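A quick write-up on the structure given underneath.
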Amino acid sequence: NCEQGPTSQPCGVCQSCVELAPNGPGSIDVIEIDAATYRGIEDAKELRERASYAPVNSRYKVYILDEAHQLTKDAFNVLLKLVEEPPPHLRFVFATTEADKILPTLRSRAHQYDFKLVSARVLQEHLAKVCEQEGIAADPAALALVARAGAGSVRDSQSILGQVIAGSGPEGITYVDTVAQLGFTDDAMLTDVVNAIAAGDGAALFRTVDTLMTDEIGRAHV
C-alpha cells in the first residue's frame, strides 16, 4: 500500500507507511485476524461480507489471517470463491507455520513464500540495537551466545535477552554471566580439554571434566 508501490522498499513517509510502522497507529484498511479464535464458518461468512467493501484510504484492503491452518475446512470453503476471484481492491495474507494444513485448492491459488530462520550474525546485530535503545551495556561475545541460543528465532532471542538482562549486574550483560545463565561451556574450558588431550595429560582432562560437571550440577540446583 505504499504510495511508491508495489515495491520491496517502502518509502516510509507516505500515510500507509507511517500508519503501518512498528510504532504506528495501524491502518483501517489492513486487518489482522487471529484464525485460531475466529476459525468457524460464521466467522468466515462475516469476513467475506466485510471484504466486499472498498478500502477507505489505501490502494488495497488487506486481510492478514494469522495461524491460518486453524481455520476449519468449512471456513476455508467459504473463503475459496473470494480467494479465486477477489475484487481488485482485496488482498489476503495467510500466515501459518503449518502450510500443509491449508486446503490444497486454496494453496494452489496463492503465492507461497517460505520464511527462513534469521542468521546468528543478523540476530546479534538486532540484539545489539535493542540493548543500545534500552541503554544497556552488552558484551558482543555475550550477545553472540544469546543469538546462538535463539536458534534463528527473533522472538525467542529477545525472550532470552530479557532473561539475561534480568540476571545481569550493574556492569550490564557480560560474557561470563551469559555463559552461566544459558548453560554454555566456557571457551576457556574447551581450550583446557583440547590442551589436555594434545599433551596426553589424563589427570588434567579429568579435572576439567570434574569442574564442568560440578558447574552443571550447581546450575541445576539454582
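The values are calculated or read from the model by the stated rules, or taken from the named source; none is laboratory data. This is a predicted model, so every value here is computed, not measured. Quick reminder, even Gly has a Cβ in these numbers, built from the backbone with ideal geometry, and neighbours come from all protein chains shown. With ligands, DNA and RNA removed, areas are computed over all heavy atoms of the protein, side chains included. Shrake-Rupley method; radii C 1.70, N 1.55, O 1.52, S 1.80 Å.
Key figures for this structure:
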{"quantity": "Hey, residue 16 touching a helix residue (DSSP H, G or I) at 6+ places or on another chain (Cβ under 9 Å) and under 20 Å from residue 90 (Cβ atoms) or not", "calculated": "no"}
{"quantity": "Wholly within region 168-222, helices (runs of 4 or more DSSP H) carrying at least 3 residues that are under 22 Å from residue 144 (Cα atoms), modelled with pLDDT under 70 and not aliphatic (A, V, I, L, M)", "calculated": "202-220"}
{"quantity": "Condition check for residue 23: within 30 Å of residue 152 (Cβ to Cβ), open to solvent by less than 80 Å² (accessible area, probe 1.4 Å) and either at pLDDT below 85 or part of a loop (DSSP other than H, G, I, E, B) (or both)", "calculated": "no"}
{"quantity": "Tally, over region 28-59, of residues that are surrounded by fewer than 16 Cβ atoms within 10 Å (Cβ to Cβ) and over 15 Å from residue 79 (Cβ atoms)", "calculated": "9"}
{"quantity": "Sole exception among (1) on the phi < 0 side of the Ramachandran plot; (2) assigned to a loop (DSSP other than H, G, I, E, B) for residue 16, by number", "calculated": "(2)"}
{"quantity": "Check on residue 32, assigned to a helix (DSSP H, G or I), among the charged types (D, E, K, R) and over 17 Å from residue 109 (Cα atoms)", "calculated": "no"}
{"quantity": "From the options 97, 105, residue that is hydroxyl-bearing (Ser, Thr, Tyr) and in a helix (DSSP H, G or I)", "calculated": "105"}
{"quantity": "Cross-chain or 6+ apart pairs with Cβ under 6 Å, region 150-165 first and within 20 Å of residue 97 (Cα to Cα) and at pLDDT below 90, then hydroxyl-bearing (Ser, Thr, Tyr) and assigned to a helix (DSSP H, G or I)", "calculated": "150/157"}
{"quantity": "Filter result (under 18 Å from the mean Cα position of the chain (by Cα), outside any helix (DSSP H, G or I) and among the polar types (S, T, N, Q)) within region 108-132", "calculated": "119"}
{"quantity": "For residue 81: the one exception among (1) open to solvent by less than 70 Å² (accessible area, probe 1.4 Å); (2) part of a helix (DSSP H, G or I)", "calculated": "(1)"}
